[in-house]
1. Using a 1.4 angstrom probe, figure out how much accessible area the chain has per residue, in square angstrom, rounded to the nearest whole.
2. Express the relative contact order of the stretch 1-43 as a whole percentage, based on alpha carbon pairs under 8 Å and six or more residues apart in sequence.
3. So what's the projected area for the stretch 69-130, the Cα convex hull averaged over all directions, in nm²?
4. With all distinct Cα pairs included, what does the Kirkwood hydrodynamic radius of the stretch 15-59 come out to in Å, to one decimal, could you say?
5. Can you order the peptides 73-86, 102-115 by their average number of other Cβ atoms within 10 Å per residue, highest first?
6. Carbon and sulfur together cover what percent of the accessible area of the chain at a 1.4 Å probe radius?
7. Could you state, as a whole-number percent, how many of the C-alpha pairs of the chain are farther apart than 18 Å?
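The values are calculated or read from the model by the stated rules, or taken from the named source; none is laboratory data. Computed from a predicted structure; not experimentally measured. So basically every Cβ, Gly included, is an ideal-geometry build from the backbone, and we count neighbours across all protein chains shown. These area figures cover heavy atoms from the full protein model, side chains too; ligands, DNA and RNA do not enter into them. Shrake-Rupley method; radii C 1.70, N 1.55, O 1.52, S 1.80 Å.
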Amino acid sequence: MSQTIIDEEFADNIVTTARTATGDSLRSVTYFTRANFEQLYLRGDLEQDADLNDFVGHEWQGDKQTENAYQESELGEYRFTVRAFENGYLLRVTSERAGVLITTDGLSMNSYEEIAEAIERMLDERTSAQ
C-alpha cells in the first residue's frame, strides 16, 4: 500500500509492543479500520504476496458479529480473539474505530492476554485523543 493510514510513531509503537511481547514468534502486524488497512510488519522469512484485503474485511466483520453475539454473555465483555491455524496463530484486538491483527508462532494464552491488553490501551488512548 502506498498511502499510510496511521502516523509512523503510532505504527512503530504498535510493532514495538508486539515485538517486545512475542520476540521471534512475531510473524506480522496489521492495523485496520472499516475502510482500510496497513501491514506494519512482516517477518523476513514470510512471503510478502498475501492478499490481505479479504482477510482484513472478514476480521472486521467477524469482530462486529462477535461483539453483538456475546453482548449479554455470562462471560463478561468480549475483549479479543485468538485463532489457531496450521502454521500459526492470529490475535485480533479492536476498538470502535480500528483494530490490530497480530500473527505469531505459538505463545501461551497469558502472552496473548498481555499483548491484547497493551494493544487495547493503545487503541483506546488513540480514540480518546481524536
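1. 63 Å²
2. Working: 36 pairs, mean separation 15.8, N = 43.
It comes to 37 percent, rounded to a whole number.
3. Numbers: hull surface 20.0 nm².
Mean projected area for the stretch 69-130: 5.0 nm², to one decimal.
4. Working: mean 1/r = 0.0873 Å⁻¹.
For the stretch 15-59, inverting the mean 1/r across all distinct Cα pairs yields 11.5 Å.
5. Result, highest mean first: 102-115, 73-86.
6. Details: 3380 of 8180 Å².
Here it works out to 41 percent.
7. On the way: 4371 of 8385 pairs.
Taking all Cα-Cα pairs of the chain, the fraction more than 18 Å apart is 52 percent.
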